[in-house]
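Asker: Okay, here's the structure, questions in a sec.
The values are calculated or read from the model by the stated rules, or taken from the named source; none is laboratory data. These numbers were taken from a predicted model, which means no experiment stands behind them. Every residue, glycine among them, receives a Cβ derived from its backbone with ideal geometry; neighbour counts consider all protein chains shown.
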């Protein structure tokens with residue numbers, strides 16, 4: 001678990017590091033630099049169970065927990081987490097503000113071309129959160145596009161926003177939602193007709209809401225199943241390869257499953273595919 005309050009003192013150090021290392025370092029030097037400074041800067045979202053910021057200020061979730069374990073084994077003692085919208089994560093990584101993105105950032109063609117992904121870590125499908133009984137009968141993003149009055153909430157820059165637009169939902173009917181609680185409230189208040197997130201995220205949201213007037217539609221028809229990985233800068237493939245080596249060892253030993261399965265993720269799903277297959281299938 002990463003305590004944001006405990007790491008407050010490291011924030012200024014992280015900011016200074018961002019300035020000092022904004023220009024990409026040689027790939028073979030990056031891990032040595034992280035070891036020397038004592039932490040890696042990771043970008044996360046606040047979308048349980050992928051990532052979560054708890055009321056006491058701690059950061060948890062399957063993605064940062066895996067990242068912290070791997071970095072510790074690489075000799076990097078800690079991680080400093082900063083919350084970012086999905087659409088800002090890769091630009092922030094490329095600009096040197098983060099050393100890695102560990103946030104359920106699913107592998108997609110444009111992302112595979114922009115970053116150096118690790119091997120798969122978390123896999124999931126898409127889901128809809130609707131009012132009880134699914135009054136408009138939505139089963140796919142195309143169904144929403146066909147209903148001229150329907151609005152859908154989705155994370156800005158995320159997969160669900162892109163799938164909505166690609167299915168033909170007009171831009172003005174795709175409502176950017178900053179976080180899960182906001183999306184839940186907007187649906188409950190009738191400001192959107194559907195809220196879309198991965199299955200595990202939606203189920204976590206519904207469980208915490210304990211609202212009998214809500215219903216989950218999953219998986220979304222004609223929506224693909226995705227896997228994420230830790231994302232690194234393109235010139236940091238040496239760091240990515242070192243991360244992959246430790247990740248593979250953790251998968252083999254069972255430590256990987258012990259970290260992610262309590263969050264509801266399947267270790268076998270991540271181990272059944274590869275980065276190469278996922279990036280190729282996305283094209």
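Asker: Please go through segment 156-181 and give me each residue that is modelled with pLDDT of 95 or more and farther than 18 Å from residue 126 by Cβ, ordered by number.
Answerer: 170, 171, 172
Asker: Still on this structure: Residues being touching a helix residue (DSSP H, G or I) at 6+ places or on another chain (Cβ under 8 Å) and closer than 16 Å to residue 127 by Cβ: count how many of those fall in segment 137-151.
Answerer: Residues meeting the conditions: 4.
Asker: Please determine, by comparing only the residues of segment 235-272 that are outside any helix (DSSP H, G or I) and more than 18 Å from the chain's Cα centre (by Cα), which one is modelled with the lowest pLDDT.
Answerer: 272
Asker: Which ones in segment 54-100 are surrounded by 21 or more Cβ atoms within 10 Å (Cβ to Cβ) and on the phi > 0 side of the Ramachandran plot?
Answerer: Answer for segment 54-100, where residues must be surrounded by 21 or more Cβ atoms within 10 Å (Cβ to Cβ) and on the phi > 0 side of the Ramachandran plot: just 61.
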